[in-house]
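Let me begin by presenting the structure, written as structure tokens, before commenting on it.
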Amino acid sequence: MAFVGVDHPHEPVAVPGVTLAPEDVLVAIELSTVCGSDVHTVQGRRPAPTPLVLGHESVGRVIAIGAAGAQAVGGAPLRVGDRVVWSVTVSCGACDRCEAGMTQKCRDLGKYGHERIAPRRELTGGFASHAQLRRGTALVRVPEALPAGVLAPASCATATAMAAIDRAAQGRALHGVRVRIHGAGLVGLSAAAIAASRGAQVEVRDPNPKRAALAERFGARASDPTAEPDIVVEASGHAVSTALADVAVGGTVVLVGSVFPADPVPMDAESIVRRMLTVTGVHNYAAGHLADAVTFLERHGAAYPFDEVVGAVHPLTHLDAALAAAAAPDAPLRIGIAPR
């Protein structure tokens, strides 16, 4: 289904034949979920090259592979029938940024759900029956036992949360470390669960009382309001100044929620220097984070209500209604889109 512009309904696009490049993978989509960025795009709050197929949180099954074959993250060959999730990004693997481990900032970056439709580039988003995945995409095999509603958001929210917690930890164990998370959207809740599973003392702050209460089921606990957190993950985009002001001396602030246009945030450089803070940004993730996100969901996901994240599941033909439901003030964390 193609997004053609704000206030226009999605339009169906037929792709009668698919030609696979040597390392392409064709996937039949099982389920996609609506991310907040999809909502921002259809509302006109986020620029996008139209027409395009939105959607970048999906799980599906491999139905065809190019002549040269393809590999999953870790190097194992992919086979027809494998159930997989895949990265939002497509990276060259050879530029200076890719070689430095920042594949999500590749100098020749592609992004599923963000690209204009072009010849042989029609199946580039999750709000479709199939996705054609190119060389440079990170694909991860996923267990048959995990529900599709748990797996689809792994390609965005869960993997991004994994990247944020890994950046915050900087290689150290988190047992007993005080972690405060601003924002109880799915990135923030996933970050809470990941940190809690590593033994951190997790606090989540959100102005929505229902979301704040939900955070307790994702590992958050009440904390001493006077205790300064060692780590702050700002996952809302609205509490950057608070995060910088509240973190402990020697602490780390990870900014992950500022992915939409907003007014500049004043920064007290002297305070950052004297308090010896580390301030870092995380945008998207690398292949290893996606693989680690799937491993986390397989090993620890049942301890948290990830299986309740997706509310209603709409058929692909009702995509506009699904996007409207996702934009409602009381919307669940995710709305599902099923092509069949």
Only one residue in 322, 286, 248 is farther than 25 Å from residue 90 by Cα, modelled with pLDDT of 95 or more and not assigned by TED's automatic domain parsing to the domain that holds residue 31. Which one? 248
Could we say that residue 236 is at pLDDT 95 or above and surrounded by fewer than 18 Cβ atoms within 10 Å (Cβ to Cβ) here? no
Looking for something at pLDDT 95 or above and closer than 25 Å to residue 318 by Cβ - is there at least one such residue anywhere in region 158-178? no
Tally the residues that are in the same structural domain as residue 140 (by TED's automatic domain parsing) and of a type in the set (Ser, Thr, Tyr), restricting the search to region 294-319. 1
Residue that is surrounded by the fewest Cβ atoms within 10 Å (Cβ to Cβ), among those in region 113-140 that are in a strand (DSSP E or B) and at pLDDT below 95: 118
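Pick out the one residue from 286, 269, 327, 248 that is more than 21 Å from residue 184 (Cβ to Cβ) and in contact with a helix residue (DSSP H, G or I) (Cβ under 6 Å, 6 or more places away or on another chain).
Testing whether each residue is more than 21 Å from residue 184 (Cβ to Cβ) and in contact with a helix residue (DSSP H, G or I) (Cβ under 6 Å, 6 or more places away or on another chain) leaves just 286.
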Top-ranked residue of region 183-212 - restricted to ones that are assigned to a strand (DSSP E or B) and touching a helix residue (DSSP H, G or I) at 6+ places or on another chain (Cβ under 6 Å), ranked as farthest from residue 242 (Cα to Cα): 202
Among the residues of region 1-44, what is the count of those that are under 26 Å from the mean Cα position of the chain (by Cα), more than 23 Å from residue 325 (Cβ to Cβ) and crowded, with 17+ Cβ neighbours inside 10 Å? 5
Mind checking which pairs have a first residue in region 265-282 that is closer than 16 Å to residue 239 by Cα and a second that is surrounded by 12 or more Cβ atoms within 10 Å (Cβ to Cβ) and among the basic types (Lys, Arg), Cβ under 7 Å, 6 or more apart or different chains? 280/167; 282/167
Looking at region 259-282, which of the residues that are under 23 Å from residue 98 (Cα atoms) and in contact with a strand residue (DSSP E or B) (Cβ under 9 Å, 6 or more places away or on another chain) is surrounded by the most Cβ atoms within 10 Å (Cβ to Cβ)? 282
Filter region 141-182 for residues that are out of contact with any Cys (no Cβ under 9 Å at 6 or more places or on another chain), in a loop (DSSP other than H, G, I, E, B) and touching a residue at least 12 places away in the same chain (Cβ under 8 Å) and give the result. 142, 143, 144, 146, 147, 170, 173, 174, 175, 176, 177
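The values are calculated or read from the model by the stated rules, or taken from the named source; none is laboratory data. Because the structure is a prediction, the values reported are computed rather than measured. Note that we place each Cβ from the backbone using ideal geometry, even for glycine, and neighbour counts take in every protein chain shown.
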